[in-house]
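Inspection log for the structure reproduced underneath, given as structure tokens.
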Amino acid sequence: MPVHVDEKKWAADITLSSGANVKKCMKCGKCSGACPNYAEMDIHPHKFVSMINDCDVSALLASKSIWKCLSCFACVERCPRDVKPANIIEAVRTRVLAPQGQNRLTPEGLPKFIKDLGEDAEKIPQQLLASAFRKYSR
Ligand code: SF4
Ligand code: SF4
């Protein structure tokens, strides 16, 4: 099937902003094997790499995986070719959020959010907050 010209441009933009080199992928699947949220994802990390390589971007933009990724970077650590699948997922997520033009999580909103958690606030991993800002703010 011919690739739509916009998808080619989107793939090039996402590749550039992610800093990933999808051409280096050898399709070993180790990134997906390392992903702690593999079962929740409709498109897995190694597929993000191959689909960007194939300029199949629309499906990635609609994927629920961009909201399920924990930004833990286990896939980046595991990749033997330094492809950085998580960076691609983050770049796709940013592409979806950017046109929406507003934050759903702000630094100002955090104190109330944390206070409402009561004693459970101490259990929040710092990584979760960093990940939430990546997902829910511009
Ligand atoms: S960064 Fe996302 S895709 Fe990569 S291993 Fe973690 S949860 Fe999975
Ligand atoms: S671990 Fe790296 S080389 Fe292997 S499939 Fe994933 S991105 Fe490609």
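Is it the case, given these coordinates, that residue 121 is in contact with a helix residue (DSSP H, G or I) (Cβ under 6 Å, 6 or more places away or on another chain), assigned to a helix (DSSP H, G or I) and at pLDDT below 80?
yes
The residue of the range 42-94 that is surrounded by the most Cβ atoms within 10 Å (Cβ to Cβ), among those that are of a type in the set (Lys, Arg) and more than 10 Å from ligand 2 (Cβ to nearest atom), is 93. Only a single criterion out of (1) assigned by TED's automatic domain parsing to the domain that holds residue 11; (2) surrounded by 11 or more Cβ atoms within 10 Å (Cβ to Cβ) is not satisfied by residue 114, namely (1). Is it fair to say residue 83 is of a type outside the set (Lys, Arg) and within 12 Å of ligand 1 (Cβ to nearest atom)? Yes; evaluated as a whole, the condition is true for this residue. Number of residues in the range 32-42 that are more than 10 Å from ligand 1 (Cβ to nearest atom) and touching a residue at least 12 places away in the same chain (Cβ under 8 Å): the value is 1.
For (1) in a loop (DSSP other than H, G, I, E, B); (2) more than 19 Å from residue 11 (Cβ to Cβ); (3) of a type in the set (A, V, I, L, M, F, W, C), each residue gets a yes or a no:
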residue	(1), (2), (3)
36	yes, yes, no
46	no, no, no
59	no, no, yes
70	yes, yes, yes
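Filtering the range 15-31 for residues that are part of a helix (DSSP H, G or I), without any contact (Cβ under 8 Å) to a residue 40 or more places away in the chain and β-branched (Val, Ile, Thr) leaves an empty set.
The values are calculated or read from the model by the stated rules, or taken from the named source; none is laboratory data. None of these values were measured; they are calculated from a predicted model. Don't worry about glycine lacking a Cβ; one is built from the backbone with ideal geometry, like all the others, and counts go over all protein chains shown.
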